[in-house]
Amino acid sequence: MYALDSDKAVVLFSGGQDSAIALAWALQRFDWVETIGFDYGQRHAVELGARTALRRELTRDFSAFAARLGPDTLVDLGGLGRLSETALTRDAEIAVAENGLPTTFVPGRNLAFLVFAAALAYRRGAGALVAGMCQVDYSGYPDCREEALRAQIEAIRLGMDAAFRLETPVMHLSKAESWRLAEKIGGRRLVDLINEHSHSCYRGVRATRHEWGYGCGDCPACDLRAKGWAAYVADEGGETATGKAK
């Protein structure tokens with residue numbers, strides 16, 4: 001198999017809460033980290049700007065991260081958005097479809113992301129792919145499940161003849177637990193940085209600031225984030241910008 005550097009990683013970085021925490025996690029563990037993002041015509045394209053802001057703030061506030069963070073690559077996957085025609089890629093109602101999946105599900109999205117991330121990692125000789133997928137309190141997307149991702153990374157390993165490994169640090173964490181992971185990595189400063197600069201709202205609303213971050217406040221992504229933040233600050237160990245929650 002093609003020799004890869006186990007100390008180098010490529011992070012699938014959307015600009016959302018989970019991928020931002022995954023990026024911080026990777027920066028704490030790998031000597032060299034690059035990020036890759038995807039423009040697939042998403043309605044919440046404001047997340048692409050969040051990616052830039054998060055990278056800037058992480059390197060400004062954490063000198064160790066600045067020394068390890070390499071370049072960012074943005075891949076145009078507009079064809080995926082045009083093929084899928086979901087509530088994330090066109091003006092359509094966000095609801096549960098007849099097949100039981102939310103209309104925000106973009107078929108094959110995470111699977112495609114992994115292929116492109118692996119292609120970049122292959123070029124860089126990076127042995128690890130790091131992603132923020134989570135199957136604990138997610139929106140019902142089948143390509144967020146550990147089983148699906150494990151199968152995909154095995155196909156990539158075989159197809160590229162390279163010993164990639166996939167790291168998903170928030171896979172088995174609730175949103176509240178992921179905030180606690182961020183706090184463990186970088187303290188309250190990192191929690192507040194990610195809360196302020198990441199973006200999760202499916203409608204791309206960045207004008208309204210809630211305690212849990214920016215968003216419309218009623219889409220599924222905002223609902224998950226709000227509930228996770230409330231559970232985090234209710235915990236005795238949770239902290240906010242104003243100090244202890246209890």
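The values are calculated or read from the model by the stated rules, or taken from the named source; none is laboratory data. None of these values were measured; they are calculated from a predicted model. No Cβ is skipped: glycine too gets one built from the backbone with ideal geometry, and neighbour counts run over all protein chains shown.
Okay, residues lined up against (1) more than 17 Å from the chain's Cα centre (by Cα); (2) at pLDDT below 95; (3) within 13 Å of GLY132 (Cβ to Cβ):
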site: CYS144; (1), (2), (3): no, yes, yes
site: LEU158; (1), (2), (3): yes, no, no
site: ALA162; (1), (2), (3): yes, no, no
site: LEU166; (1), (2), (3): no, no, yes
site: MET171; (1), (2), (3): no, no, yes
site: ALA176; (1), (2), (3): no, no, no
site: ARG180; (1), (2), (3): no, no, no
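Taking region 203-226 as the range and being in contact with a strand residue (DSSP E or B) (Cβ under 9 Å, 6 or more places away or on another chain), in a helix (DSSP H, G or I) and among the aliphatic types (A, V, I, L, M) as the test, only ALA226 passes. Of the residues making up region 1-11, those that are outside any loop (DSSP other than H, G, I, E, B), surrounded by fewer than 24 Cβ atoms within 10 Å (Cβ to Cβ) and either in contact with a His (Cβ under 6 Å, 6 or more places away or on another chain) or of a type outside the set (Asp, Glu) (or both) are TYR2, SER6, LYS8. Among the residues of region 123-166, those identified as of a type in the set (A, V, I, L, M, F, W, C) and either without any contact (Cβ under 8 Å) to a residue 24 or more places away in the chain or closer than 18 Å to LEU224 by Cα (or both) are MET133, CYS134, VAL136, CYS144, ALA151, ALA155, LEU158.
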